[in-house]
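Step one of this worksheet: look at the structure below.
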Amino acid sequence: MLASVEMLLKEVTIMKKEGAIMKKIIRVKGMTCKSCEMLIKEEVEELEGVKSCDVSQKRGEAVVEYDENMVKIDKIIDTIKEEGYEVA
Ligand SMILES: [Cu+2]
């Protein structure tokens, strides 16, 4: 169920997959400065199972590396949305 929903997400691109370790690009709208990058990075990296989250305001992207057995992409997207940004 989750997997099929995930495949439909056009705002997420798979960069790399090694076993359960996924690296994905999430398109984020609404970032205006470095603080936005920092905020998203901090909040997403606090999630259990997230190895890293590199955010670029300029590119409008968050590159997240995580263990899909520990955390789902939906949770990561929700975390970004909770901070007031759009994932689209
Ligand atoms: Cu900002």
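A short reminder: the numbers here are calculations on the coordinates, not readings from a lab. Please read these numbers as outputs of a predicted model, since none were measured by experiment. Don't worry about glycine lacking a Cβ; one is built from the backbone with ideal geometry, like all the others, and counts go over all protein chains shown.
Set the Förster radius R0 to 22 Å, insert the Cβ-Cβ distance between ALA88 and LYS23 as r into 1/(1 + (r/R0)^6), and round the FRET efficiency to 0.05. Computed FRET efficiency for ALA88 and LYS23 comes out at 0.60. For the chain, the longest principal axis of the C-alpha atoms and the axis of helix 34-45 are separated by about 30°.
Counting helices only, and only those DSSP H runs with n ≥ 4, report the 222 nm mean residue ellipticity of the chain as the sum of -39,500 (n - 2.57) divided by its residues, in deg cm²/dmol to the nearest 500.
Estimated from H runs of four or more residues: -9000 deg cm²/dmol.
How much length is gained if the chain between MET38 and LYS16 is pulled fully straight, taking 0.36 nm per residue apart and subtracting their Cα-Cα distance, in nm to one decimal? Could you put the intermediate results ahead of the total?
Working: separation 22, 0.36 × 22 = 7.92 nm, distance 2.34 nm.
Gain on extension, MET38 to LYS16, equals 5.6 nm.
To test your reading of the geometry: what angle, between 0 and 90 degrees and rounded to tens, separates the Cα axis of helix 73-82 from the longest principal axis of the chain? Long axis of 73-82 versus the principal axis of the chain: about 20 degrees.
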